[in-house]
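The values are calculated or read from the model by the stated rules, or taken from the named source; none is laboratory data. Remember, predicted model here, so these are calculated numbers, not experimental data. Accessible surface is based on the protein model in full, side chains and every heavy atom, while ligands, DNA and RNA are left aside. Shrake-Rupley method; radii C 1.70, N 1.55, O 1.52, S 1.80 Å.
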Amino acid sequence: MGGAAMSFSPAWLALREPADRAARNKDVRAACASHFAKHETINICDLGAGTGASLRALANALPARQRWTLVDYNAENLAAARTALTAWADTTETNDGILILRHGARTIEVHTRRQDFAENPQCWSADTDLVTASALFDLASQEWIERFVARLAADETPLLSMLTANDVIVSNPAHALDRAVVAAFHAHQTRDKGFGPSAGSAAARLLEESLRNAGYTLAVGDSPWELSWSELLQTTLDGMAHAVGETNKVSAEDIARWRAHEREHLTVGHRDVFARFI
Ligand SMILES: C[S@@+](CC[C@H](N)C(=O)[O-])C[C@H]1O[C@@H](n2cnc3c(N)ncnc32)[C@H](O)[C@@H]1O
């Protein structure tokens, strides 16, 4: 759920990080790890890096010496990334603004770059081995996704995309208004998040189609949030209710009835994909 009604504050990203970590698809990550298994070093560019959660989730699966460039337009998130990565690492040195982290057997050089990539998706350098993104593509438009994939395919750069929303939202116990609320929520997800009309719940399918059409070979898998009795569950339901309220597709009374219904569990669907040329 990249583009819910929530803002992408460090607090929101911290709340979702454990659910994201549990959700990230292990087979897709293993396909990526196996592709780079013989590499001693790897140069990664993470688009929409937020507070660096993808680095923390992937570091142990990737080669021993890693260079990450975390790109985001939100300076507060990038500052929080440096703090969170310093806390996560066993040791940290700073050299000219670059963080050098040691984490277990990994040595990780971290560069942060503040950049808005809505106009020009290509923010990775020519020597990048892997582009990563998580919870990003559902914010982007179909046109941007196609432009991004065309740039990526031009130099055959592999992509690991995680946690792209799809259209699965299932609550337990169910409520009679679930169908209407979820439809209105999905409509809200298509609002412009800075890239033109968002792909929203169609993003995972559009990204996979676009990568296949560009000649990539894909490893794909589901990466749903499975939320039970948690703050994230309540915050997600609040976010959905707020978003649906903005659509005028469901009455305020019905939204209030839907929100008052107690849930034990909520599944929020996402997809992961590793795309490579060989
Ligand atoms: C849902 S958050 C995901 C953060 C991180 N990848 C994670 O999984 O925790 C989306 C991130 O993309 C960034 N973002 C959104 N639009 C952007 C743009 N046009 N240019 C650069 N960053 C952008 C936001 O600031 C935010 O940090």
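Calculate, in nm to one decimal, what Ala176 and Glu156 gain on full extension: separation in residues at 0.36 nm each, minus their alpha carbon distance. Don't skip to the answer; put the middle values down first.
Details: separation 20, 0.36 × 20 = 7.20 nm, distance 4.73 nm.
Length gained between Ala176 and Glu156: 2.5 nm.
For the stretch 192-267, just say rounded, prolate or oblate: build the C-alpha gyration tensor, square-root its eigenvalues into a ≥ b ≥ c, call rounded for a/c under 1.5, and beyond that prolate if a/b exceeds b/c, oblate if not. Can you show the working numbers first?
Values: a/c = 3.48, a/b = 1.68, b/c = 2.07.
Oblate, since a/c reaches 1.5 and b/c is not below a/b.
Run lengths n ≥ 4 of DSSP H only: what is the helix-derived mean residue ellipticity at 222 nm for the chain, with -39500 (n - 2.57) per run over all residues, to the nearest 500? Working shown, then result.
Values: 9 runs with 106 residues, N = 278.
Result for the chain, helices only: -12000 deg cm²/dmol.
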Taking the square root of 5λ for each eigenvalue of the C-alpha gyration tensor of the stretch 72-182, the equivalent ellipsoid has semi-axes, largest first and in whole angstrom, of 32, 22, 14
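According to the square roots a ≥ b ≥ c of the eigenvalues of the Cα gyration tensor, what is the shape class of the stretch 237-278, taking rounded for a/c under 1.5, prolate for a/b larger than b/c otherwise, and oblate for the remainder?
It is oblate, given that a/c is not under 1.5 and a/b is not larger than b/c.
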Give, in nm to one decimal, the length gained when the segment between Ala187 and Arg113 is fully stretched (0.36 nm per residue of separation minus the Cα-Cα distance).
23.4 nm
Quantify how much of the Cα-Cα distance distribution of the stretch 33-90 extends past 18 Å, in percent.
34 percent
Report the antiparallel proportion of the DSSP beta bridges in the stretch 39-152 as a percent, rounded to a multiple of 5.
35 percent
Scan around Ile169 for amide H atoms under 5 Å from its own, H built in the peptide plane at 1.01 Å from N, and keep only partners 5 or more places away or cross-chain.
Gly269
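Taking every eigenvalue of the Cα gyration tensor of the stretch 117-261, multiplying by 5 and rooting it, what semi-axes result, largest first, whole Å?
Working: eigenvalues 221, 51, 30 Å².
Largest first, the stretch 117-261 gives 33, 16, 12 Å.
Could you work out what % of the accessible surface of the chain is carbon and sulfur, using a 1.4 angstrom probe and leaving DNA, RNA and ligands out of the count? It would help to have the intermediate numbers written out before the result.
Working: 5960 of 12080 Å².
On the chain, the fraction of accessible area on carbon and sulfur atoms equals 49 percent.
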Starting from the eigenvalues of the Cα gyration tensor, five times each then square-rooted, give me the equivalent ellipsoid semi-axes of the chain, largest first, whole Å.
32, 21, 17
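For the stretch 1-158, just say rounded, prolate or oblate: build the C-alpha gyration tensor, square-root its eigenvalues into a ≥ b ≥ c, call rounded for a/c under 1.5, and beyond that prolate if a/b exceeds b/c, oblate if not. Provide the component values of the computation, followed by the final result.
Numbers: a/c = 1.36, a/b = 1.11, b/c = 1.22.
Here the stretch 1-158 falls in the rounded category.
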